[in-house]
Amino acid sequence: VETESANLEILAELIDEGLEPIGGESDDAADTTTMAERLVGDGEATRLGAAIDEVVGRYAGQPIAGVVVMTDGATNKGTDPVEVAQRLRDRNIPIYPVGLGIPNPPDVAINSMLVQEIVFAGDRVPVRLQLSSTGYAGRSAKMTLSVDGLPIDSRDVMLTGGPQFEQMIYEPGNTSGMKRLSITIEPFADETTNANNTFEQTVRVIDEKIKVLYIEGKPRWEFRYLRRVLERDRRLEVTFLMTEGDSDLARYSDQYIDRFPEVAGRAFRYDLVILGDVPSQFFTLRQMQRIEELVREHTGSLLMLAGRRHAPQSYVGTKLEDVLPIELGGLRGATWQSVSDEVFPVVTSSGRISASASLESPQDRNDGVWKLASPLYEVPRIESAKAGANVLVTLSDADARKEPYPLITWHRYGNGKCMFVGTDQLWRMRFKRGDKYHTRFWGQTIQFLTLSRLLGGNKRIHIETDRKQYATGDRVQVFTHVLNENFEPARTDGFAVFVERVGPLAEPVAVRLEADPQTPGLFRGFIPTEQDGRFQLKVEPQLQRVANTVEYEVKAVALEQREPAMQKALLEKIAALSGGQYLNMPDLPKLAENLQAEQKTTVVRQEKELFDLPVVFVLILVLGAIEWFCRRRTDLV
């Protein structure tokens, strides 16, 4: 391509998982067919951002007029092209994306499926999915739920022509084990692709009850509603301990006890202890130590539900202050602080992806649900969340505070978990909505706090991953809680786990996890996902009898098939960020007008002796000759 200012050389590369040269200025006409034959998109992934980065790096130091990318904008691996565009702008290298494809092809796609990774036998499990459609508004499509490839339920869904949310119910019956759920939308004959009409997820069905002990003082509103939730949940085996009220309840009902057990075998049987508005003086030092040991050593969980009389301020200076995910700051006996009636709970970024605070989808509807839990009237005075704690829900008056108020917060303590709920007004979610969201919050929270114990058992070494399914290119986040032979947190710099692909002739690969400086005995690390398949995480053979095993799955995300539409908004964004221009195919003849060859001025300094220059020698010779001639004429010679 020749412009008025300069000659520009064009070098062509094919993008998939890497870069492959497919031609350049030196190619003659005879190579045209060969170049066209190379344009085959058979790679397993598209690394758009990384490819632009790499091709610019190959010609570092040479003048680059711009990068022309002919693409549909799909990218599912490597560096974000937006980040690359920002870096190239600083180097005055514009990107000119040329959009290929159809912005809105006729298509129906299941974009996501939300279902609990662990479900209980005999339960009714909602399977919520987000789907989108283009070109089929007002038409009906058949949606089918299958388990391990066998259809179990189907219904018709009316397509809206845009994003919509649907739900089906999975009832696992009384069988336990791993089950593969899939939902399929029957494709239309003229649909662009049917690769995105099915979404799959693996769930684990367990047949075991969660043992919960709820310790409460005065039977306040939150207790009354929460008790109903706990008693109706078939997954739970619930025991109550009331510190106020009828002292004879434990004599007449097996559902009540009169004191927290000090005997280890009885104290450690509980998966979760819910501690309400109870004074710390109710417990002996031995009882409080048992609760702390349940969490730290025996993978149990503690949930404190704040109360105006005793919790959490009564626990300053006690064994349980260390367990809580909040800093009390020596506020023993401190009164609660009032909050405006306009203040409401707000879900944080951590809460959006948590198994506890996600009560509805999409996110704006979830935010609306949490607004129902107001007014709160008062919240306990808290210094802050502890370092490393996960704040799931805060208050909407964050601008008026030094830091957001940790309304719902959890962290890992030793081998278990502890959560703090800083209000007793969550029952207000029921107002004009029934018990749907109140029940969902407590059910999901109890499951989140207890499942690691159910799945890992009472092991000295417990391995967890942040998810059970990953796309190729993701990172698996691994947590491992390690206790030594004395059931004390292991204090080493690192700990090794082994990842092994499920299948014949698989070789385990060691992965080193680093110690968490905030939590003794906790080790963290990441595992790259470069291959598809099912994988297991284990410890070394001599420790396997005291450790659990975790399985996860990696699947390639065929983005071009799941999202066949051209990503025009992304292409326009990287063009604008880099200082380039988005082009359609008819605009290609104008490309040469936009490309300007980079001009550089180079100044070279060189020092030489004056008498080494020929012109100086000649000049001196001429001046000498003139002087001699003048002397000759005047008889001075």
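Taking the Cβ-Cβ separation of Gln62 and Ala510 as r and a Förster radius of 60 Å, what is the calculated FRET efficiency to the nearest 0.05? Numbers along the way, then the final one.
Working: r = 43 Å, r/R0 = 0.72.
The calculated FRET efficiency here is 0.90.
Taking the simple approach of a point 7 Å from Cα along Cα-to-Cβ for both Trp628 and Leu114, what is their distance in nm?
Computed distance between label sites Trp628 and Leu114 equals 10.4 nm.
Just read off the accessible area of Ile210 with the full protein assembly in place, 1.4 Å probe, to the nearest 10 Å².
Surface open to solvent at Ile210 totals about 0 Å².
Would you mind checking which residues have amide H under 5 Å from Asp516's amide H? H placed 1.01 Å from N; only 5 or more apart, or other chain.
Leu522, Phe523, Arg524
Please list 3J(HN,Hα) in residue order for the range 288-304, calculated via the Karplus relation 6.51 cos²θ - 1.76 cosθ + 1.60 where θ = phi - 60°; whole Hz, with x for glycine and proline.
The phi angles translate into 5, 5, 5, 5, 5, 5, 4, 6, 5, 10, 10, 6, x, 9, 10, 10, 9 Hz.
Sticking with the crude label model, points 7 Å out along Cα→Cβ, report the distance from Lys179 to Ser154 in nm, one decimal please.
Using points 7 Å along Cα→Cβ, the separation is 1.9 nm.
Give me the 1.4 Å probe accessible area per residue for the range 73-190, excluding ligands and nucleic acids, in Å².
On the way: 5520 Å² over 118 residues.
Solvent-accessible surface per residue comes out at 47 Å².
Using a 1.4 angstrom probe with every protein chain in place, what is the largest-first accessible-area order of Asp341, Asp90, Asp80, Asp399? Mind showing how you got there, number by number?
Working: Asp341 95, Asp90 130, Asp80 70, Asp399 160 Å².
Ranked list, largest accessible area first: Asp399, Asp90, Asp341, Asp80.
Could you work out how far the C-alpha centroid of the range 119-142 sits from that of the range 61-100, in angstrom?
Distance between centres, Cα-based: 37 Å.
If one computes the Cα centroid of the range 213-238 and of the range 307-376, what distance in Å separates the two points?
Each part's Cα centre sits 19 Å from the other's.
Which entries of Lys468/Lys538; Lys179/Lys211; Lys179/Lys555; Lys142/Lys179 have Cα-Cα distances beyond 19 Å here?
Details: Lys468/Lys538 15 Å; Lys179/Lys211 25 Å; Lys179/Lys555 16 Å; Lys142/Lys179 22 Å.
Checking Cα-Cα distances, Lys179/Lys211; Lys142/Lys179 exceed 19 Å.
Could you tell me which trypsin sites (Lys or Arg not before Pro) in the range 437-541 are loop residues by DSSP with no more than 15 other beta carbons within 10 angstrom of their beta carbon?
Hits after loop and neighbour filter: Arg467, Arg491.
Residue by residue, what Karplus-based ³J(HN,Hα) values in Hz, rounded to whole numbers, does the range 182-190 have, using 6.51, -1.76 and 1.60 with θ = phi - 60° and x for Gly and Pro?
Each residue's phi maps through the Karplus curve to give 9, 10, 10, 9, 4, x, 7, 5, 9 Hz.
Could you state how much accessible area Val509 has, in square angstrom rounded to the nearest 10, with a 1.4 Å probe and all protein chains kept in place?
80 Å²
Taking the Cβ-Cβ separation of Glu231 and Ser140 as r and a Förster radius of 45 Å, what is the calculated FRET efficiency to the nearest 0.05? List each step's numbers first, then the result.
Details: r = 41 Å, r/R0 = 0.91.
E(calc), rounded to 0.05, equals 0.65.
Set the Förster radius R0 to 60 Å, insert the Cβ-Cβ distance between Leu285 and Gln363 as r into 1/(1 + (r/R0)^6), and round the FRET efficiency to 0.05. Working shown, then result.
Working: r = 45 Å, r/R0 = 0.75.
After rounding, the FRET efficiency stands at 0.85.
Heavy atoms of the protein only, probe of 1.4 Å, neighbouring chains included. What is the accessible area of Thr634 in Å², nearest 10?
Thr634 has an accessible surface of roughly 80 Å² with all protein chains in place.
Quick check: pseudo-label points 7 Å beyond the Cα along Cα→Cβ at Asp532 and Arg491, how many nm apart are they?
The answer from the label model is 4.8 nm.
Can you pull out the trypsin sites (Lys or Arg not before Pro) in the range 173-278 whose DSSP state is coil and whose Cβ has at most 13 other Cβ atoms within 10 Å? Please report the intermediate quantities before stating the final value.
Working: sites: Lys179, Arg180, Arg204, Lys209, Lys211, Arg220, Arg224, Arg227, Arg228, Arg232, Arg234, Arg235, Arg251, Arg259, Arg266, Arg269; in loops: Lys209, Arg220, Arg234, Arg235, Arg259, Arg269.
Sites meeting the loop and neighbour criteria: Arg234, Arg259.
Distance from a point 7 Å along Cα→Cβ of Ser253 to each backbone N in the range 205-226: keep the residues under 20 Å and list them by number.
210-226
Ordering Phe629, Phe283 from largest to smallest accessible area (1.4 angstrom probe), what's the sequence?
Values: Phe629 110, Phe283 15 Å².
Of Phe629, Phe283, the descending order of accessible area is Phe629, Phe283.
Taking amide hydrogens as modeled 1.01 Å from N in the peptide plane, which residues meet the under 5 Å criterion relative to Leu303, leaving out close sequence neighbours?
When sequence neighbours closer than 5 places are left aside, the close amide H contacts are Val273, Ile274, Leu275, Met419.
Give me the net charge for the shell around Val229: Cβ to Cβ below 14 angstrom, other residues only, Lys and Arg +1, Asp and Glu -1.
On the way: positive: Arg224, Arg227, Arg228, Arg232, Arg234, Arg235, Arg430, Lys436, Arg440; negative: Glu216, Glu222, Glu231, Asp233, Asp435.
Taking every Cβ under 14 Å from that of Val229, the sum is +4.
May I ask you to list the chymotrypsin sites (Phe, Trp or Tyr not before Pro) in the range 370-468 that are in a DSSP loop and have at most 15 other Cβ atoms within 10 Å of their Cβ? It would help to have the intermediate numbers written out before the result.
Values: sites: Trp370, Tyr377, Trp410, Tyr413, Phe420, Trp427, Phe431, Tyr437, Phe441, Trp442, Phe448; in loops: Tyr377, Phe431.
Answer by residue number: Tyr377, Phe431.
The values are calculated or read from the model by the stated rules, or taken from the named source; none is laboratory data. Keep in mind it's a predicted model, so treat the numbers as computed, not measured. No Cβ is skipped: glycine too gets one built from the backbone with ideal geometry, and neighbour counts run over all protein chains shown. Note: areas computed on protein heavy atoms with side chains; ligands, DNA, RNA excluded. Shrake-Rupley method; radii C 1.70, N 1.55, O 1.52, S 1.80 Å.
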